[in-house]
1. Looking at (1) in a strand (DSSP E or B); (2) more than 26 Å from Asp207 (Cα to Cα), find the lone condition where Pro117 falls short.
2. Looking only at the range 156-176, filter to residues that are surrounded by fewer than 20 Cβ atoms within 10 Å (Cβ to Cβ) and modelled with pLDDT of 95 or more; which one of those is nearest to Val93 (Cα to Cα)?
3. Would you check which residues across the range 31-47 are surrounded by 13 or more Cβ atoms within 10 Å (Cβ to Cβ), over 22 Å from the mean Cα position of the chain (by Cα) and in a loop (DSSP other than H, G, I, E, B) and list them?
4. Considering only the range 193-212, state which residues are among the β-branched types (Val, Ile, Thr), outside any strand (DSSP E or B) and either out of contact with any helix residue (DSSP H, G or I) (no Cβ under 8 Å at 6 or more places or on another chain) or under 13 Å from Tyr90 (Cβ atoms) (or both).
5. Scan the range 178-192 residue by residue and report those that are out of contact with any strand residue (DSSP E or B) (no Cβ under 7 Å at 6 or more places or on another chain) and either in a strand (DSSP E or B) or buried (at least 19 other Cβ atoms within 10 Å of the Cβ) (or both).
6. Across the range 61-96, what is the number of residues that are modelled with pLDDT of 95 or more, part of a loop (DSSP other than H, G, I, E, B) and surrounded by 13 or more Cβ atoms within 10 Å (Cβ to Cβ)?
7. Would you point out which residue out of Asp12, Asp58 is assigned to a loop (DSSP other than H, G, I, E, B), surrounded by 18 or more Cβ atoms within 10 Å (Cβ to Cβ), touching a residue at least 12 places away in the same chain (Cβ under 8 Å) and of a type outside the set (A, V, I, L, M, F, W, C)?
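The values are calculated or read from the model by the stated rules, or taken from the named source; none is laboratory data. The structure displayed is predicted, hence computed values, not measured ones. Neighbour counts are summed over all protein chains in view; Cβ atoms, including those assigned to glycine, are modelled from backbone coordinates with ideal geometry.
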Amino acid sequence: MPPDPVIVYRDDSLVVVEKPGGLLAVPGRGPDKQDCVAARVRRLVPEMIDQPAVHRLDMATSGLMVLAVTAEAHRRLGRQFEARRVAKRYTAVLEGIVDGDAGEICLPFRLDPDNRPHQVYDPVHGRMGVTRWRRLAIEHDRTRIEFIPLTGRTHQLRLHAAHRLGLGCPIVGDHLYGLGRDGEAMLLHASHLAFRHPTSETTLAFDSPAPF
């Protein structure tokens, strides 16, 4: 069983946690998928609304995540995510050597209904995902990358890393788009999150070093 999320900030409006890899962000379908970040944090913050998650991280992704305590905070935070006024950065380790120092990836993807939750490249019907990236280091036969997603498409960073029209190097441990095996940790971590407080309007910024 994955460990509990670590609370890094808490007030009357919101809670920021470090999500462990391997734990769902929100409940899934079926009784075996109810254990998640939202449920565990609600047990610690009983006054929290029933559906507190403002955004999601993939089950295999670790790192910073914000949850709302009140409905009004959820609404205001949600508007910031929708308007792309939230600053997010991720750290990842990719299989292989990435050419170049930095760049921007713009690729459209959509769900493959015959192979859920897998996403496929589709320049006609896909929704555009945009990611900026920067190479941090070469580590033997792998590359450490910083990702800055400008959109929030499903599996965006995983796809942009793995696809031949992206970086062509899947994230280490990614069992959907790379060479990862079930149970293996995926090396993708939400390392920075900044947004305006839903009540005070002051800027809150959080950093979480990647655990790999």
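1. (1)
2. Ranking the qualifying residues of the range 156-176, first place goes to Gly168.
3. Listed by number, the list holds a single entry, Val45.
4. Thr202
5. Here is the first cut: in the range 178-192, the ones out of contact with any strand residue (DSSP E or B) (no Cβ under 7 Å at 6 or more places or on another chain) are 180-185.
Answer for the range 178-192, where residues must be out of contact with any strand residue (DSSP E or B) (no Cβ under 7 Å at 6 or more places or on another chain) and either in a strand (DSSP E or B) or buried (at least 19 other Cβ atoms within 10 Å of the Cβ) (or both): just Gly180.
6. Residues flagged as modelled with pLDDT of 95 or more, part of a loop (DSSP other than H, G, I, E, B) and surrounded by 13 or more Cβ atoms within 10 Å (Cβ to Cβ) within the range 61-96 amount to 5.
7. Answer to the check: Asp58.
Residues are listed down the side, and each one gets a yes or a no for (1) more than 17 Å from Trp133 (Cα to Cα); (2) among the basic types (Lys, Arg):
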site: Gln51; (1), (2): yes, no
site: His55; (1), (2): yes, no
site: Gly63; (1), (2): yes, no
site: Glu72; (1), (2): yes, no
site: Arg75; (1), (2): yes, yes
site: Arg79; (1), (2): yes, yes
site: Tyr90; (1), (2): no, no
site: Ile97; (1), (2): no, no
